[in-house]
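In what follows, a structure is listed as structure tokens, so that the remarks can point back to it.
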Amino acid sequence: MSVQEYLDKHMLSRKLEDAVNAAVRAKTSDPVLFISNHMRKSVQSVITKIKARQILDSRGIPTVEVDLHTNKGVFRASVPSGNSSGMYEAVELRDGDKGVYLGNGVSKAVKNINDKISEALIGMDPTLQSQIDQAMIDLDKTEKKGELGVNAILAVSIAACKAGAAEKEVPLYKHIADMSGKTTPTLPVPAFTVISGGKHAGSTLAIQEIMILPIGASKFEEALRMGTETYHHLKAVITEKTGAHNCNVGEDGGYAPNISSFKEALDLVKEAIGRSGYNEKIKIALDVSATNFCIGKRYDLDFQSQKAGQNFKTAEDMIELYKELCSEYPIVSIEDPFDKEDWEHIKHVSSLGICQVVGDDLLMSNAKRIERAITESACNALLLKVNQVGTVTEVIEVVKQAKEAHWGVVTSHRCGETVDSFIADLSVGLASGVIKAGAPCRGERLEKYNQLLRIEEELGDQAVYAGDDWRQ
């Protein structure tokens, strides 16, 4: 084939002429670079290669990382993992070989990406997120993604989402907002974990997390400063009252003082807020995670101490406790106040209107569980964990489901995190109102908060912080 025949076959003469004309109109000072970029943009992006590998999460447990290649670049994503795995959430694929990473290896999931998913997706347009996600769902053929593994499917889905944003030449959060139909990306209120208990720490505190929400901040940058200052004040309070040895941190960066009393822990946080000078601007949220200490139909508040089995509370006792706590402290949200199958008492505490009631273990980000909770008025907010769902498309749909019911939405990290900041862009693009990404401590947590700083800076005067509208 001659040079002229090659040019004619690929219409290169016309494309080059268009690029030169564009360079002239732009009056560029570097025409070669301009023409090169223009030619590159004229080629439709397609997925050309997908390569997965096993990496470690923040707990030193294996997880999946993916590099998705297009003819425009390489886009990386890694997936988080949690302690809990309920029967209603998508299924991670683990190797099960106890001699390697104690059975937690993910080489099977990695192989599924490199051999099966890669073959199915090569040649697809990365901007067609729903088609990419559906192709993986069809390939898996199971309700909970157990054949390929949700850790495999989600990693590729997130990487494709990043590639799609790059092809459209828009920020990731804008791409997500476009796919979800949102017109105003919104910076979320950060729910900073300041005290860790339950299964996230080695303390005797039954509840899993005490969080602070800088609702009164005027922008995200200010919220981050308020939360961080309060976190450091809390360290000083804990040191003064219980000793520096109680300032060790849990898996998500919250302090883990060896106390068992809900009120004692809340008093520490309340004093730290007072010292920071933000009494009117910072509210408190609890993640009770009551399923972890529900024995039969009663709740063992000392389940992590030597007094285990001696301090049981009935569901009615717990309701009275929550009412008391909400009257004494600026608590605006309680997550999983009862066992995940105790619909009766969750409905009752929601009906009291004392605070927002968030479903985590109750819902597992599962569309059918969410629909039941909406129908029965069981709670009024969704804790969104992307790896419980499985694909970006399905995540967008469950958020729409919650929003249409006028619920709050809390975009959440997992205890086993990576440095991937995807959920920061997701929370902005979906305008979720709140992001729960741990303490202002530990790199994998701060990566999310730092990305939100970058997004707010990029939006400039157009940036909107959820603030008092955190539930909308």
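Before moving on, here are some points about what is shown:
- Per-residue ³J(HN,Hα) for region 72-79, Karplus 6.51 cos²θ - 1.76 cosθ + 1.60, θ = phi - 60°, Hz, x for Gly and Pro: 10, x, 10, 10, 10, 8, 9, 10
- Near the amide H of Cys441, within less than 5 Å, lie the amide hydrogens of Leu446, all on another chain or at least 5 residues away, with H placed in the peptide plane.
- Lys/Arg +1, Asp/Glu -1 at C-beta; the chain dipole; positive extreme among Ser118, Val386, Ser261: Ser118
- Highest-first packing order for the peptide set 57-68, 206-217 is 206-217, 57-68, based on the mean count of other beta carbon atoms within 10 Å.
- Between helix 367-376 and the chain: long-axis angle, C-alpha atoms, 0 to 90°, nearest 10: 40 degrees
- Centroid-to-centroid separation of region 124-169 and region 429-472 [C-alpha atoms, Å]: 25 Å
- Using only side-chain charges placed at the Cβ, +1 for Lys and Arg and -1 for Asp and Glu, the dipole size of the chain relative to its Cα centre rounds to 820 debye.
- Binned Cα-Cα distances of region 106-208, short to long, each 5 Å bin given as a whole percent: 2, 11, 17, 15, 12, 13, 13, 11, 6, 2, 0
- Packing around the peptides 240-247, 185-192, taken as the average count of other Cβ atoms within 10 Å per residue, puts them in this order, highest first: 185-192, 240-247.
- Within region 195-312: Cβ-based charge dipole about Cα centre, in debye rounded to nearest 20 (Lys, Arg +1; Asp, Glu -1): 200 debye
- Its Cα gyration tensor gives the chain an equivalent ellipsoid; the semi-axes, largest first and in whole Å, are 44, 25, 20.
- Remark on Lys436: its backbone amide H falls under 5 Å from those of Ala191, Thr411, Ser412, His413, a criterion applied only to residues 5 or more positions apart or on other chains, H modelled at 1.01 Å from N.
- Within the chain, DSSP assigns beta bridges of which about 60% are antiparallel (rounded to the nearest 5).
- Computed from point charges on the beta carbon alone (+1 for Lys and Arg, -1 for Asp and Glu), the dipole magnitude for region 310-415 about its Cα centre is near 440 Debye.
- Taking all C-alpha pairs of region 213-330, those more than 19 Å from each other amount to 54 percent.
- Normalised size of region 213-255, defined as Cα radius of gyration per 2.2 N^0.38 Å with N residues, equals 1.33.
- Helix 31-41 vs. the chain, principal-axis angle (Cα, 0 to 90°, nearest 10): 70 degrees
- Neighbourhood charge, 14 Å Cβ-Cβ cut-off, centred on Ala206 and excluding it, Lys, Arg +1 and Asp, Glu -1: -4
- Exceedance of the 21 Å cut-off in Cα-Cα distance is limited, within the set Lys270/Lys347; Lys98/Lys144; Lys199/Lys347; Lys111/Lys144, to Lys270/Lys347; Lys98/Lys144; Lys199/Lys347.
- Think of the chain as having a plus end and a minus end, set by charges on the Cβ of Lys, Arg, Asp and Glu; of Gln310, Asn248, Leu148, Leu148 sits farthest toward the positive end of this dipole.
- Remark: region 309-419 is approximated by an ellipsoid whose semi-axes, taken from the C-alpha gyration tensor as √(5λ), come to 25, 16, 13 Å, largest first.
- Helix axis angle, 12-26 relative to the chain longest principal axis, alpha carbon, degrees: 70 degrees
- For Ile331, distant residues with modelled amide H under 5 Å away: Ile284
Rule-based calculations on the coordinates, nothing more; no lab input. A quick note: this is a predicted structure, and the numbers were derived from the prediction, not measured. Every residue, glycine as well, gets a Cβ built from its backbone with ideal geometry; the counts of neighbours run over all protein chains shown.
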